[in-house]
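The values are calculated or read from the model by the stated rules, or taken from the named source; none is laboratory data. Keep in mind that what you see is a predicted model, and the values were worked out from it rather than measured. Glycine gets a Cβ as well: all are built from the backbone with ideal geometry, and neighbour counts include every protein chain shown.
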Amino acid sequence: MTDLELPLGKRTLKYRLFEMLPAVLSYGALGLLVILSLVSPTLAAIYLLLVIVTLLVKSIGIAIHTIQGSRKLEAAKKVDWHQRLADLENPKESYNKSRPARLKGFDAYAHVDNLRLMSADPDVFPKPSQLFNAVIIATYNETYDVLAPTIQSVIDNTYDNNKIIFTLAYEERGGEAIKSTALRLKKEFGDKFYVFHLVEHPKDLPDEVVGKGANITYAGRYLKKWLIKEGIASKNVIMTTLDSDNRPHHTYLDYVTYEYIVHEDRKHLSFQPISLFMSNIWDAPAPMRVIATGNSFWNIISSMRPHTLRNFASHSQPMDALEEMDFWSVRTIVEDGHQYWRSYFYFGGNYSVLPIFVPIYQDAVLSDTYLKTLKAQFVQLRRWAYGASDVPYVATRLFARDRNVPLLGGTARLLRLIDGHVTLASVSLLVAFGGWVPLFINSEATRSIPAHQLPEVVSMIQQVALVGLFITVFFSFKMLPPRPERYKKRRNFFMVAQWILMPVTAILYSAVSALYSQGRLFAGNYLDKFDVTDKAIHKSIATVKITSSTK
């Protein structure tokens, strides 16, 4: 079996050099502007303009993908995926019925073609009745008020609950409180699924870091044994992992099962819904709302770029594929994005992520005090930015004698990975402050026409880029869940006015968290503990939930 795990302890020199690379490039991009400003203000101006023009071109593509992705999301949400999945049970009969009228709606023609292909060669495609969906919800110390709505959202899916293998994976290190909550949840919801498992992940197992990956891997190994005992073939099981605050769209399981069936190369796929951090968006502070909405739109944009799409947060993957690669990494705090690379190298490059154009709703960061919320947001982004730790993992396998993936395709993926982390860490700082750097540190800059006019040029380009921001504001307002009754109409104004904070959040949170994480990698001071994001509940919501649960 291919060695898929990350190293623990001392790294090789080659590995360490690639660990240091993201920080060298990110800090170097900032330092280069200072050096060029000292040497030649004109060269500094040219360098900064190249950076900004590149960003502007990307922004145009982002704006287009935002519009296209938002429309596709809304269209897919309206589809009766339960009926489309039911059509696959008898594809020939369904195809004959669909041909006269031709279906309408999202990917309707593709659905008819899928029925035609399945009718021609039915043995290649499993039937919906043969399949199960296994759902793992990972939890550490979250309360009943957080977990119960997540489980209820799975129950409320249009998919047949009797075909759902449900597992609540909780941590021993969470203490007696989470064990008590888990038992309460099983008592309340245990009869709603085909089976309801409670799996406790022991603390301090060897060769593991403290994180979600170790928890869900332990649960996955438990399910592997259980499936064998029950005589259920792993190729007939689709595994979905959810965080404790994830609420999948009510058609998600039908949709992902549909896509699993119609793709012949299903074992080499994973299925990625669109994570929208909107569940508690009205309750979160303004800076957190901006960050949450920005992250939501980035997920929409990513769904429109399948060649760059990676596993993020909650996703689905075939159980047989997971068993072969021993599930997820137990040595990283970013097991979701890292799962892409594990799968990519395990399958020798024959692996891709298929977008599922319905959302999984998640919470924006919200703690019980404003200051704790601000800190928790940085901790979350710091953990995400630690995905830069994948750079040495990919590079050392790509540039090895026993490489098992195409060099050209692998290099392109590696470059996109590096570019994403370096851009996150450095570009917002360059755009915000770069125009003034030559003038501040070199008195001769006033004699350089490009350097002297640089702040004005940068300002003009920033104004053009505001078009993309207006598009984001427009679609974000359309995506908002209904305003809770506890908020007055003036709250709508603040949901728009909050976007004035976008430059601040981009710098103080996104850029600084990326620089911090890359700096830790550079120094070999590794993040080896998953810091759980606070998931506080607004008091009025908690009261309603507690009341309803006691009836």
Given the conditions (1) over 24 Å from residue 500 (Cβ atoms); (2) buried (at least 21 other Cβ atoms within 10 Å of the Cβ); (3) modelled with pLDDT of 70 or more, every one holds for residue 451 apart from (3)
Among residues of the stretch 283-334 being among the small types (Gly, Ala, Ser) and more than 18 Å from the chain's Cα centre (by Cα), the residue farthest from residue 131 (Cα to Cα) is 286
Here the residues within the stretch 48-70 that are over 20 Å from the mean Cα position of the chain (by Cα) and among the polar types (S, T, N, Q) are 54, 59
Residues of the stretch 123-139 being touching a helix residue (DSSP H, G or I) at 6+ places or on another chain (Cβ under 9 Å) and either over 19 Å from residue 279 (Cβ atoms) or at pLDDT below 95 (or both), in sequence order, are 124, 125, 126, 127, 128, 129, 130, 131, 132, 133, 134, 136
Among 511, 542, the single one that is aliphatic (A, V, I, L, M), at pLDDT 85 or above and more than 16 Å from residue 375 (Cβ to Cβ) is 511
Problem - Hey, residue 113 among the acidic types (Asp, Glu) and over 22 Å from residue 235 (Cα atoms) or not - result: yes
For the stretch 24-40, does any single residue satisfy the condition of being in contact (Cβ under 8 Å) with a residue 40 or more places away in the chain, in contact with a Lys or Arg (Cβ under 9 Å, 6 or more places away or on another chain) and assigned by TED's automatic domain parsing to the domain that holds residue 528? no
**Item:** Any chance residue 190 is surrounded by fewer than 20 Cβ atoms within 10 Å (Cβ to Cβ) and either touching a strand residue (DSSP E or B) at 6+ places or on another chain (Cβ under 8 Å) or of a type in the set (Asp, Glu) (or both)
**Value:** yes
TODO: Kindly establish whether residue 177 is exposed (fewer than 14 other Cβ atoms within 10 Å of the Cβ) and either without any contact (Cβ under 8 Å) to a residue 60 or more places away in the chain or aromatic (Phe, Trp, Tyr) (or both).
DONE: yes
Flagged pairs (Cβ under 6 angstrom, 6 or more apart or on separate chains; first in the stretch 98-120, farther than 23 Å from residue 69 by Cα and surrounded by 12 or more Cβ atoms within 10 Å (Cβ to Cβ); second modelled with pLDDT of 90 or more and among the basic types (Lys, Arg)) are 119/92
Counted residues in the stretch 114-140 being part of a helix (DSSP H, G or I), of a type outside the set (D, E, K, R) and within 17 Å of residue 95 (Cβ to Cβ) come to 9
